[in-house]
Amino acid sequence: MSEESAETCHSDESRRELEEIELQTRMERIGRKILVLSGKGGVGKSTVAANLAISLAQAGKKVGLLDVDLHGPSIPKLLGLDGQRLGPDATGGLSPIHVSENLSVVSVGLLLDSAKDAVIWRGPMKYNVIRQFLKDVEWGRLDYLVIDSPPGTGDEPLAVAQLVGKGTWAVVVTTPQDVAIADVRRSVSFCKALNLRVAGIIENMSGLVCPHCGKEVDLFKVGGGERLAGEMGVPFLGRIPLDPQIVDSGDAGKPFVQCYAGSPAAKAFACVIEPLLNPAPEDESASPH
Ligand SMILES: Nc1ncnc2c1ncn2[C@@H]1O[C@H](COP(=O)(O)OP(=O)(O)OP(=O)(O)O)[C@@H](O)[C@H]1O
Ligand SMILES: [Mg+2]
Ligand SMILES: [Zn+2]
């Protein structure tokens, strides 16, 4: 090896080490990382991630919402942030969009178009893009970082699990149909293989809130998520009913739990965050703090 290339290797290595320290430092300022995932598309991961984040923020916690769905980011649309762009912060990092005093958001959908291209060209590997987000975003001190991922157990949730690492909780979203239940088994196995603590399963689209009278109707078989949680020995966080207002508010970019605070589905979200706000003592012992 020539002297010159040896030097290059050396500086590459120290740059890598420095970045690793930067990443660790950022992660240490975040209390609880919650990765929202599911084996299947369209079960409401993004809806759940957004409304969990808002609910935690409403409960007085400092919350970041990170969308690592690189190909189909939907968080900007759900929160009415389409057209907004992330900017640089004073220290050369990336400043999130502050949606409210307690809630900040980052998504690949909020990058400048030129940056999006740069991100794609510079790092063909999704791992690097996610690593950069985790390393460079200046969230400040956070109580919770909620991370929305694309469907399945592919590169994105894997990258998060590897990069955020210890102390990450997973929230697995499913729907009552049997086919979704089969997928959730895979998600739970994925978490176990990567040592992610499964904070629990959420059964979304579970029963219907009648648009006429507001009463709940069991449209599909409900309870599959709870049964599965029992079978797999992981907690069940609760059921969120199907509510047409969730679709409407999502399409309109209005945060559902804020706009329809009194609805059964919003109340369901309030129940679901309870165990995340007040984890059982054994969970506390696994906390990074
Ligand atoms: N409880 C619910 N009641 C009614 N509609 C819902 C509910 N949850 C989600 N939806 C709707 O279902 C659709 C899919 O939801 P969402 O985009 O959150 O799913 P996803 O799992 O993130 O999808 P993808 O796999 O594409 O990322 C959206 O139109 C959303 O408004
Ligand atoms: Mg989604
Ligand atoms: Zn009715």
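A short reminder: the numbers here are calculations on the coordinates, not readings from a lab. Since the model is a prediction, treat every value here as computed from it, not as a measurement. Reconstructed Cβ throughout: ideal geometry from the backbone, glycine too, with neighbour counts over all protein chains shown.
Quote the relative contact order of segment 1-101 in percent (integer), defining contacts as alpha-carbon pairs under 8 Å separated by 6+ residues.
Contact order relative to length: 12 percent.
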Total formal charge among the other residues, if their Cβ is under 9 angstrom from that of Glu22, Lys/Arg +1 and Asp/Glu -1: -1
Segment 196-256-segment 129-179 distance, computed between alpha-carbon centres (Å): 20
Amide H within-cut-off set for Lys33, under 5 Å, with H built and near neighbours excluded: Leu145, Trp169
Lys, Arg +1 and Asp, Glu -1 on Cβ, resulting dipole of the chain about Cα centre, debye, nearest 20: 760
Per-peptide average of other Cβ atoms within 10 Å, ordering 41-54, 14-27, 73-86 highest first: 41-54, 73-86, 14-27
Estimated vicinal HN-Hα couplings, Hz - segment 89-100 in sequence order (Karplus 6.51, -1.76, 1.60; Gly, Pro = x): 9, 4, 9, x, x, 10, 9, x, 7, 8, 7, 8
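Step by step: find N for the chain, compute 2.2 N^0.38 Å, then divide the Cα radius of gyration by it. What's the final number? Intermediate values should be presented prior to the final figure.
Details: Rg = 19.5 Å, N = 289, 2.2 N^0.38 = 18.9 Å.
So the chain has a normalised radius of gyration of 1.03.
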Label-to-label distance, nm, for residues given as Ala280 and Glu101 (7 Å Cα→Cβ offset): 3.5
